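Nothing in this text is a laboratory measurement; each read-out follows from the coordinates by a stated rule. Note that the coordinates shown come from a computational prediction; the quantities given were computed from them, not determined experimentally. Every residue, glycine among them, receives a Cβ derived from its backbone with ideal geometry; neighbour counts consider all protein chains shown.
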Amino acid sequence: MRLKDKTAVITGAAAGIGRATAALFVREGARVIVADQNFEAAQKTCDELGQATSPFACDVSVAAQCELLMRAAEARFGRLDILINNAGFGALGNVVTTDEAVLDRILAVNVKGVFLCSKYAVPLMKKGGGGVIVNTASNTASIGLKDRAAYVASKGAVAALTRSMALDHVADNIRVNCVAPGVTMSSYFDKMLREVPDPAEFRRVLDARQPMRRTGKPEEIAYAFLYLASSESSFATGSMLTVDGGATAE
Ligand SMILES: NC(=O)c1ccc[n+]([C@@H]2O[C@H](COP(=O)([O-])OP(=O)(O)OC[C@H]3O[C@@H](n4cnc5c(N)ncnc54)[C@H](O)[C@@H]3O)[C@@H](O)[C@H]2O)c1
């Protein structure tokens, strides 16, 4: 019960890594607001995870919705200990082939979303004497990836923002770190597998590219969030924890 009596907001918690993190946090004793732009999926997640969770509809790229999310956390818990900024997505494309609208949306969700949720969470955490923020970067914040220009730029920004936030709020007793996952089977890849002509071959090629010859599972990334959200990481701030089966090392 490493998060006993702790309260958490997890964005993008209705699927994939965010959902696995919510499930693990509940098992570790936390109460969790499952925030997602897909309310129906957030509701379903909460039905499955039980009474320690509540759903909240929020598009993290919209300031007013992020503010309402943190107000809901205050109303529900009276305090906020942990914010997991996990909502994010990617799209194929280099700087030539990526539409400006796609670039704007990726930056709005992946970077501005982290910024805005933190903007409204920090004052609440300060009121309670401190807290922990864990952002979601990607191992592509450290290594290049072909044909994902907007996504990679957004995740590099998340890693940089994490370091800056850590220094800004160290005196407020708020630690800020990020997790950098490698390729992890989530609903994003489930959707891709449904769309490609040969899902089995796609999966084989993806696995073969990884040093461990397999992709990660959302639960394996969730444990990194747990470490950074718990007091076990009390001396860590401004850091990036890479969990990618060795892909960055290769
Ligand atoms: N899966 C991977 O291989 C991988 C690798 C590195 C980093 N990441 C990062 O991990 C995070 C989670 O990814 P995932 O693979 O679990 O994704 P996913 O698509 O399985 O789940 C993402 C969830 O976020 C929600 N969401 C998307 N945009 C939102 C918005 N604007 N506001 C609120 N909710 C929103 C979606 O509705 C969904 O429920 C993302 O930030 C992603 O970039 C994933």
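Of the options Leu83, Tyr151, Thr237, report the single residue whose Cα projects farthest towards the positive end of the charge dipole of the chain (beta-carbon charges: Lys, Arg +1; Asp, Glu -1).
Value computed over the given set: Thr237.
Is segment 47-165 best put as rounded, prolate or oblate by its Cα gyration tensor, with a ≥ b ≥ c the root eigenvalues, rounded for a/c under 1.5, and otherwise prolate when a/b is larger than b/c, oblate when not? Show your work: numbers first, answer last.
Values: a/c = 2.27, a/b = 1.89, b/c = 1.20.
Because a/c hits 1.5 or more and a/b exceeds b/c, segment 47-165 counts as prolate.
Could you tell me the largest-minus-smallest coordinate of the C-alpha atoms of segment 174-250 on each of the three principal axes, in descending order and whole angstroms?
The Cα atoms of segment 174-250 stretch 47, 25, 16 Å along their principal axes.
Can you give me the convex hull volume of the Cα atoms of segment 63-125, divided per residue and expressed in Å³? Numbers along the way, then the final one.
Values: hull volume 4.8 nm³, N = 63.
Each residue corresponds to 76 Å³ of Cα convex hull volume.
If I stretch the segment between Ala208 and Asp104 completely, what's the gain in nm (0.36 nm per residue apart, minus their alpha carbon distance), one decimal?
Numbers: separation 104, 0.36 × 104 = 37.44 nm, distance 3.26 nm.
Length gained between Ala208 and Asp104: 34.2 nm.
Please state the Cα pair-distance histogram of the chain with 10 angstrom bins from zero: what percent is in each bin?
Reading the bins upward from 0: 8, 32, 39, 18, 4, 0.
Pick out which of Ala87, Ala15, Ala64 has the largest mean-square fluctuation in a Gaussian network model of the chain, springs linking Cα atoms closer than 10 Å.
Judging by the Gaussian network model, the answer is Ala64.
Phe235 to Asp190: FRET efficiency via 1/(1 + (r/R0)^6), r the Cβ-Cβ distance, R0 41 Å, to the nearest 0.05? Write down the numbers at each step before the final one.
Details: r = 37 Å, r/R0 = 0.91.
With R0 = 41 Å, the Cβ-Cβ based efficiency is 0.65.
Once both axes come from the Cα atoms, what is the angle between helix 113-127 and the longest principal axis of the chain, in degrees from 0 to 90, rounded to 10?
Computed tilt is about 20 degrees.
Once a ≥ b ≥ c are taken as the square roots of the eigenvalues of the Cα gyration tensor of segment 1-67, is the result rounded (a/c under 1.5), prolate (a/b larger than b/c) or oblate (a/b not larger than b/c)?
Working: a/c = 2.08, a/b = 1.53, b/c = 1.36.
Prolate.
Tell me which aspartates and glutamates have Cα within less than 19 Å of Lys127's Cα, excluding those fewer than 8 residues away on the same chain?
Correct list for Lys127: Asp5, Glu67, Glu74, Asp81, Asp168, Asp172.
Could you compute the longest span of the chain free of trypsin sites (Lys or Arg not before Pro) located in DSSP loops and having at most 10 other Cβ atoms within 10 Å, not counting the site residues?
Numbers: sites that count: Lys4, Lys146, Arg213.
Within the chain, the longest run free of exposed trypsin sites (Lys or Arg not before Pro) spans 5-145.
For the chain, what is the relative contact order in percent, using Cα pairs closer than 8 Å and at least 6 residues apart in sequence? Walk me through the numbers before you get to the answer.
On the way: 500 pairs, mean separation 50.2, N = 250.
Relative contact order of the chain: 20 percent.
So what's the angle, to the nearest 10 degrees on a 0 to 90 scale, between helix 39-49 and the longest Cα principal axis of the chain?
That works out to roughly 70 degrees.
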